[in-house]
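FYI, it's all coordinate maths here, none of it is from the lab. Keep in mind that this is a model prediction, so the values were computed, not measured. Cβ sites come from the backbone with ideal geometry, for glycine too, and all protein chains shown count toward neighbours.
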Amino acid sequence: MTDISAAPDVRAFIDWANSVRARTRAVAERVPPDRIEWTPIPGRFTPGDVLRHIAATERWMWAENACLRPSRYPGHGPELAEGKDAVLAYLDDMHAQTLEILGELTADDLRRRCRTVGGAEITVWKWLRLMIEHEVHHRGQLYEILGLLGVPVPPLYGLTEAQVRARSEPA
């Protein structure tokens, strides 16, 4: 496998982004339809907000900045997609659009510097790595929300914490 942290390679990045998204999607599918807009505390992100935020930032912030354009982030509200099926379709559509855009980038494009929405200048390939970190952060929120709801969640890499502990040797 190509080390995506060592050198810009858009194909390796796209493969990585798809594998990360598959894990996020597996968690998203566990959200009960009647809880897509639930929050334990008013004013906090709902599962729908988290998923719309991942989708909207990926397409309208990360991809736009990677192409040296300003952010066009539209927010994360239900006006973007309402109901579980629509939210998952929006997540899938924004991901597909993003990867189509990023698939056009060359190795030279990935080495250019872009301006982030926060005004920092960073190489495009490092900016895209941060896109993945952002998604993983929000996936953790989904795990926590589902835990509060008592919804079983898939193990991240095939084993639960208890299974890892059982298969480990004492220190």
Failed item, numbered, when residue 59 is tested on (1) among the charged types (D, E, K, R); (2) within 12 Å of the chain's Cα centre (by Cα); (3) under 17 Å from residue 142 (Cα atoms) = (3)
Output yes when any residue across segment 13-23 is more than 28 Å from residue 126 (Cα to Cα) and β-branched (Val, Ile, Thr), and no when none is.
-> no
Search result, residues across segment 62-89 that are within 24 Å of residue 147 (Cβ to Cβ), part of a helix (DSSP H, G or I) and within 14 Å of the chain's Cα centre (by Cα) | 87, 88
Among the candidates 52, 23, 59, single out the residue that is touching a Lys or Arg at 6+ places or on another chain (Cβ under 9 Å) and surrounded by 21 or more Cβ atoms within 10 Å (Cβ to Cβ).
-> 59
Here is a list of conditions, (1) within 17 Å of residue 136 (Cα to Cα); (2) β-branched (Val, Ile, Thr); (3) surrounded by fewer than 16 Cβ atoms within 10 Å (Cβ to Cβ), and residue 41 meets all of them except one; can you say which number that is?
-> (1)
Run residue 118 past the list (1) of a type outside the set (D, E, K, R); (2) surrounded by 15 or more Cβ atoms within 10 Å (Cβ to Cβ); (3) in a loop (DSSP other than H, G, I, E, B) and report the number of the one that doesn't hold.
-> (2)
